[in-house]
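First the structure, in the form of structure tokens, and then the observations on it.
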Amino acid sequence: MLHILLSGLDLGGTFVFAISGALLAVRHRLDVFGVIVLSFAAGNAGGITRDLLIGSIPPAAVADWRYVAVSAVAGLMTFLWHPAANRFRNDVLWCDAVGLAFFAVAGTQKALLHAVHPAMAALLGMLTGIGGGMARDVLVRRIPTVLRADVYALAALAGAAVVSVAHVLDLSAFAATLVGGALCFALRFGAIHYGWRLPAARPSEPPPASDR
Amino acid sequence: MLHILLSGLDLGGTFVFAISGALLAVRHRLDVFGVIVLSFAAGNAGGITRDLLIGSIPPAAVADWRYVAVSAVAGLMTFLWHPAANRFRNDVLWCDAVGLAFFAVAGTQKALLHAVHPAMAALLGMLTGIGGGMARDVLVRRIPTVLRADVYALAALAGAAVVSVAHVLDLSAFAATLVGGALCFALRFGAIHYGWRLPAARPSEPPPASDR
Amino acid sequence: MLHILLSGLDLGGTFVFAISGALLAVRHRLDVFGVIVLSFAAGNAGGITRDLLIGSIPPAAVADWRYVAVSAVAGLMTFLWHPAANRFRNDVLWCDAVGLAFFAVAGTQKALLHAVHPAMAALLGMLTGIGGGMARDVLVRRIPTVLRADVYALAALAGAAVVSVAHVLDLSAFAATLVGGALCFALRFGAIHYGWRLPAARPSEPPPASDR
């Protein structure tokens, strides 16, 4: 039961992150294959990094064909219907928040299953959530969302921490996964909708205009 | 026999990609050590990623000194003779196409030898081909060639697929490697020489001028 | 004894590189969590890459909580005291040189302990030193320091080579670690203070203004 939930969350997260990568690719006018490559990078970079770090080799994205298939379908769908996808960009922002929540809790559970220390498992869950967006943005030369967006890595870490704490207290993993995912989504919802933000540094000197 | 062919293709691909990295480094006026670092990244990032993903650890680029040597020689040669290399830039474009073909088929064969599913092996072959250029371009802040160039990842995938299909049908691996490599090169030749291209997205809104 | 020295060098290098990442994050006006994420990337990317390449999985940064703690503390300290940190930017440049020296020798020793060939161990030590800065700079869209700075990768390689040569000659690892680290720092000191530099390429054509 938990296994099915985790699989669904992982593939669902791959799907929505792949869509986010495809949309960015379309806006950069890439050809159809470039769209699919960026979809795959966005949907799978976080999970692949997590799997390498916990020693689950080959990573799920290589061992299980469904990850590639889900990424390619998301990329193709977005390429074919991009005007619609462009129009509903806000829906995509919500999808991204859902993907972050899915990956954060599923990544933490997977790390716990590999006997990683609970505190580190929560950090690896956060990394799973933020990794895909980092790869996607670096490839098209954007400063990654996680470094710019409000309450992004923190939301992922909060959701992941719920799963880890429940594991330590021996509470239901199933319930913790749902609660943690909901918490992560709620924090991102608040950040997007109500403008919640963390304190930022205000350096005394002007920012580097041309940071060569 | 196949073993020697694969070794030659892998080292040959490393050499020409290392030259492409060195040329880019020279154009950015890097010092001689920066040139060699970028040569190494361009020549080996694809193969290292593939080896990590299939669990062949340590990767060939670490276990076999010839990869480092070939990359360093390519970087030094380019640094010393860069005016000539600059003048013959089109030759380099052709070398790059050769490297892509070498890596795509050699990478697929290596993945098949590690008992990876044939479909995934073809994708890993493609990744081997495109990975070096991705690392190279990200390091000097270019949008990677694979995302911009015409029929690039697709050419690599087509060549890789020939190797995988031959493996499933139990045909000669030696012949498949040659045919697959030739197909990949031919597709890139057509894209460069005749301007073949895949359909690209034409988003309804203007592209992001400053995509912060 | 050597074990304690290496642990100290590795954590010390993590600390000063994390500070360099945090300072860059503050200059880009990231929020407090973005600062910590960049601190972690700068402090640990080199060591994680080394550990993956030598098959030491999970990497130390995942298996040992102190790496995360040291990175987070460095990030938070810098965030809270950034005006001071900004004012003493030159001190930071020196810290970076110390971190490079720490990582180069500690990374080489770790690779030697994993029975890597001494020549490759020196290259992996160099990679440990330059990897953190590469990840940090790519994430905020700078061309990595190692590609621009004077006598940077070469300094790391020189320090790492001392450790490897001492290993081959069966000399004291403890002394070699100190001498190698001092050599690396001295080379960077000379580069920063006296402007030592390697020959750079002067391509016949103008540099790519907009290298699309």
Residue count for the stretch A:25-40, restricted to those that are touching a residue at least 60 places away in the same chain (Cβ under 8 Å) and crowded, with 24+ Cβ neighbours inside 10 Å: 3
Where a residue in the stretch C:1-24 is over 12 Å from C:Val98 (Cα atoms) and its partner, wherever it lies, is part of a loop (DSSP other than H, G, I, E, B) and of a type outside the set (Gly, Ala, Ser), with Cβ under 7 Å and at least six apart: C:Leu24/C:Val140
Test: residue in the stretch A:41-50 that is of a type in the set (Ser, Thr, Tyr), in a helix (DSSP H, G or I) and either within 9 Å of another protein chain (Cβ to nearest Cβ) or under 30 Å from A:His117 (Cβ atoms) (or both): yes
Per-region count, the stretch A:68-86, residues facing chain B (nearest Cβ under 7 Å), farther than 19 Å from A:Asn44 by Cα and modelled with pLDDT of 85 or more: 0
Conditions (1) within 9 Å of another protein chain (Cβ to nearest Cβ); (2) at pLDDT below 90; (3) surrounded by fewer than 19 Cβ atoms within 10 Å (Cβ to Cβ): number failed by C:Trp65: (2)
Residue in the stretch C:104-123 that is farther than 18 Å from C:Thr14 by Cα, among the charged types (D, E, K, R), in contact (Cβ under 8 Å) with a residue 12 or more places away in the chain and touching an Asp or Glu at 6+ places or on another chain (Cβ under 9 Å) present: no
Residue satisfying condition, being outside any helix (DSSP H, G or I) and in contact with a helix residue (DSSP H, G or I) (Cβ under 8 Å, 6 or more places away or on another chain), within set C:Ile19, C:Ile57: C:Ile57
Number of the condition not met by C:Ala156 [criteria: (1) part of a helix (DSSP H, G or I); (2) more than 30 Å from C:Ala25 (Cβ to Cβ)]: (2)
Filter pass, A:Asp51 being out of contact with any Pro (no Cβ under 9 Å at 6 or more places or on another chain), of a type in the set (Asp, Glu) and buried (at least 24 other Cβ atoms within 10 Å of the Cβ): no
Some residue of the stretch A:94-113 being within 10 Å of chain C (Cβ to nearest Cβ) and either under 24 Å from A:Ala60 (Cβ atoms) or in a helix (DSSP H, G or I) (or both): yes
Sole residue being more than 14 Å from chain C (Cβ to nearest Cβ) and either at negative phi or buried (at least 24 other Cβ atoms within 10 Å of the Cβ) (or both), chosen from A:Ile130, A:Ile192: A:Ile192
Matching residues in the stretch B:138-151 - criterion: being part of a helix (DSSP H, G or I) and buried (at least 23 other Cβ atoms within 10 Å of the Cβ): B:Leu139, B:Val146, B:Leu147
Residue within the stretch B:155-165 that is buried (at least 19 other Cβ atoms within 10 Å of the Cβ), at the interface with chain A (Cβ under 9 Å from one of its Cβ atoms), more than 19 Å from B:Ala60 (Cβ to Cβ) and at pLDDT 90 or above present: yes
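The values are calculated or read from the model by the stated rules, or taken from the named source; none is laboratory data. For clarity, every value in this text was computed on a predicted model and none was experimentally measured. In this analysis, Cβ positions are derived from the backbone assuming ideal geometry, glycine residues included, and neighbour counts consider all displayed protein chains.
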